[in-house]
Amino acid sequence: ETGVTQTPRHLVMGMTNKKSLKCEQHLGHNAMYWYKQSAKKPLELMFVYSLEERVENNSVPSRFSPECPNSSHLFLHLHTLQPEDSALYLCASSLRRDRGYTIYFGEGSWLTVV
Amino acid sequence: TQLLEQSPQFLSIQEGENLTVYCNSSSVFSSLQWYRQEPGEGPVLLVTVVTGGEVKKLKRLTFQFGDARKDSSLHITAAQPGDTGLYLCAGVTEGDYKLSFGAGTTVTVRA
């Protein structure tokens, strides 16, 4: 139990579907992150929210849409995805992003786009 | 080009042997973390180091932060099959406070 919970753990969706990934942190953190991890590629930072405000968006296609309604919850809304979007999506959280912060990951959501 | 270079990329050893994984950069970090990730799971934090020259021990794992805060190493003594996994280093760069990850080292410990 890392204090960061992701649901669902596994998701299979068609290219025309709309689905959402959910993340909840119980660590009292105020920054939350979405990362993408594909086979044989390094972790890719997608979005960062700090104090519920999006502070980073690393050229992610608009078919991925994040939402952070409060400091404990983060969503990733998915629509019209492509097969190459199949990957492990990791949520993480940390205290405010200043000197020496550490991020804690959830267990990940395996996404398969068919 | 990765900000943090990890080596080796793959490491396969026999149970009971020792191993060292390296994480190097030309940038200075205000903190550096090591994570272990098992297949299908999220990375689990092993340690955070913040002081140049710092050495931390976690049972059979020894972590060292370089004096100049540009590199780090992870040493495992008497490796066990349970140590198998992907080891990731991550660092927060001084000044912009951005977190970067290395590409990881896949460690396999054979029984």
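Numbers at a glance
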item	result
Lys, Arg +1 and Asp, Glu -1 on Cβ, resulting dipole of chain B about Cα centre, debye, nearest 20	180
Cα lying deepest toward the dipole's positive end in chain A, options A:Leu11, A:Phe75, A:Ile103, charges on Cβ	A:Leu11
Shape call, the range A:1-78: gyration tensor on alpha carbons, a/c limit 1.5	rounded
Gyration tensor verdict on the range B:45-103 (Cα atoms; rounded if a/c is under 1.5, prolate if a/b is larger than b/c, oblate otherwise)	oblate
J(HN,Hα) series, the range B:30-40, from Karplus relation 6.51 cos²θ - 1.76 cosθ + 1.60, nearest Hz, glycine and proline x	7, 7, 9, 10, 10, 10, 10, 10, 9, x, x
Amide H contacts of A:Thr112 (H built 1.01 Å from N, under 5 Å, at least 5 apart or other chain)	A:Leu11, A:Val12, A:Met13
Ordering of B:32-45, A:64-77 by burial proxy (mean other Cβ atoms within 10 Å per residue, highest first)	B:32-45, A:64-77
Interchain or long-range residues, amide H under 5 Å from B:Val47's placed H	B:Trp34
Local net charge near B:Phe63, Cβ-Cβ under 13 Å (Lys/Arg +1, Asp/Glu -1)	+3
In Hz, Karplus ³J(HN,Hα) per residue of the range B:84-96 (6.51, -1.76, 1.60; θ = phi - 60°; x = Gly, Pro)	4, x, 9, 9, 10, 9, 9, x, 9, 6, 5, x, 8
Simple Cβ-charge dipole of the protein assembly as shown, Lys/Arg +1 and Asp/Glu -1, about Cα centre, in debye nearest 20	140
Long-range HN-HN contacts of A:Thr80 with modeled amide H, under 5 Å	A:Asn17
No Cys partner within the rule (Cβ under 4.7 Å), chain A	A:Cys68
Under the Karplus curve 6.51 cos²θ - 1.76 cosθ + 1.60, θ = phi - 60°, whole-Hz ³J(HN,Hα) for the range A:21-35, x wherever Gly or Pro sits	9, 10, 9, 9, 10, 10, 10, x, 7, 10, 10, 9, 9, 10, 10
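Every read-out reported here was derived from the displayed coordinates using simple, explicitly stated rules and does not represent laboratory data. Given the structure is predicted, the values throughout are model-derived calculations rather than measurements. With ideal geometry, Cβ positions are generated from the backbone for all residues, glycine too; neighbour counts draw on all protein chains shown.
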